[in-house]
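Report on one structure; see the data block that follows.
The values are calculated or read from the model by the stated rules, or taken from the named source; none is laboratory data. Everything numeric in this text was worked out from a predicted model, so none of it was measured. Note: ideal-geometry Cβ built from the backbone for every residue, glycine included; neighbour counts use all protein chains shown.
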Amino acid sequence: MDREAAFELIDQLQGLGFRKTIYFHVLGEPLLHPHVFPIVDRAAEAGMVPVLFTNGGALTEDVVRGILACKAAEVSISMQTVSRQSCEMLRTTPLEYASYLGQIQRALALAESHKTQQRSPRFRVSVGVNQDDSDPPEDGHVVEQESVEDVKRSISAIFGQVKGADLARVRRALDADGIAGTGCLPVTDRLAVSVRPVGNWRRMWGDTPVSSGCCPHFGKELAVLSNGWVTLCHFDYDGRARVGDTSERPLSQIVASPQLRQMSEDFLSGKSVPKGCRYCRALVDA
Ligand code: SF4
């Protein structure tokens, strides 16, 4: 999406009275966009709360300095892995795990060293652990099972270059609650960590359509893809559940359309599943 199109969408959202959290990814990597920081700033100036998600692979020193200078409220480093082995199973990237981890360690140290600057965003590391999902078992995407000790060791390594990192609270939370999901825990005033189970994005879509079910994500978000398609959620990276095209109609018309309203009512009441959602594995029994 070019910069002017992104600005235009932000202006339209502002016109609709939207003032909430805005993200810049639909399973993509916003830090690869050449104009990401002006776009983030435009959203902040329009009264929204910009949050950047990154897998951490693009966190060079220049990019981290760009983040620190922009008006994002938070940058979430979504590691989705807890070990070298998981990383290699999950990602098909030439970036070797030691380099990947080193880049994140340096980014966190740099962010922490800038903590006296005002308005700099919080950096949160989201560590992904294996979600219970044995369907199909041969398609495992991270190591079979991480232990609490594995996760504690990994978190210690991630924050290893941060002076003053306080991981005692994180360790206590992991000991008390296990690794099913810790919520967001502070490590310093500027840095935080969370642990959460992650599913397998490679199996977002099933083979068989379903005619009933409900979705825990539906109605909480809309996403605009890089080509301008508006879709029902940030999981729908290829626009199967698209409900409009911002290159043809403004957002205000798309969100107010009688077709979208009817589809929402039918989905929420359990009457029918939108056509584009019928192969989605996120559906659960109504
Ligand atoms: S069912 Fe799937 S595609 Fe449809 S809104 Fe939910 S997560 Fe998105």
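Mind listing just one residue for me: the one in the stretch 16-51 that is surrounded by 14 or more Cβ atoms within 10 Å (Cβ to Cβ) and acidic (Asp, Glu) and, of those, modelled with the lowest pLDDT? Across the stretch 16-51, the extreme among qualifying residues is Glu29.
Considering Ile10, Ile22, Ile39, the condition of being under 18 Å from the mean Cα position of the chain (by Cα) and closer than 20 Å to Leu232 by Cα is satisfied by Ile22 alone. Count of the stretch 180-237 residues, restricted to those that are among the charged types (D, E, K, R), without any contact (Cβ under 8 Å) to a residue 40 or more places away in the chain and away from the ligand (no atom under 16 Å from the Cβ), is 0. The lone criterion from (1) out of contact with any Gly (no Cβ under 6 Å at 6 or more places or on another chain); (2) among the charged types (D, E, K, R); (3) modelled with pLDDT of 95 or more left unmet by Asp245 is number (1). Yes or no: the stretch 268-280 includes at least one residue that is more than 9 Å from the ligand (Cβ to nearest atom), modelled with pLDDT of 90 or more, touching a helix residue (DSSP H, G or I) at 6+ places or on another chain (Cβ under 8 Å) and outside any helix (DSSP H, G or I). Within the stretch 268-280, one or more residues are more than 9 Å from the ligand (Cβ to nearest atom), modelled with pLDDT of 90 or more, touching a helix residue (DSSP H, G or I) at 6+ places or on another chain (Cβ under 8 Å) and outside any helix (DSSP H, G or I). Within the set of pairs 6+ apart or on separate chains, which have a first residue in the stretch 262-286 that is under 14 Å from Asp207 (Cα atoms), a second that is more than 10 Å from the ligand (Cβ to nearest atom), and C-beta atoms under 6 Å apart? Listed pairs, sorted by first residue: Arg278/Pro209; Tyr279/Gly206; Tyr279/Pro209; Arg281/Gly206. Within the stretch 146-167, the only residue that satisfies the criterion of being among the basic types (Lys, Arg) and closer than 12 Å to Leu108 by Cα is Lys163. State whether the residues of the stretch 115-137 include one that is in a helix (DSSP H, G or I), modelled with pLDDT of 70 or more, among the β-branched types (Val, Ile, Thr) and surrounded by 19 or more Cβ atoms within 10 Å (Cβ to Cβ). The answer is no, given that none of the residues of the stretch 115-137 is in a helix (DSSP H, G or I), modelled with pLDDT of 70 or more, among the β-branched types (Val, Ile, Thr) and surrounded by 19 or more Cβ atoms within 10 Å (Cβ to Cβ). Of all residues in the stretch 233-286, those being within 24 Å of the chain's Cα centre (by Cα) and surrounded by fewer than 15 Cβ atoms within 10 Å (Cβ to Cβ) number 2.
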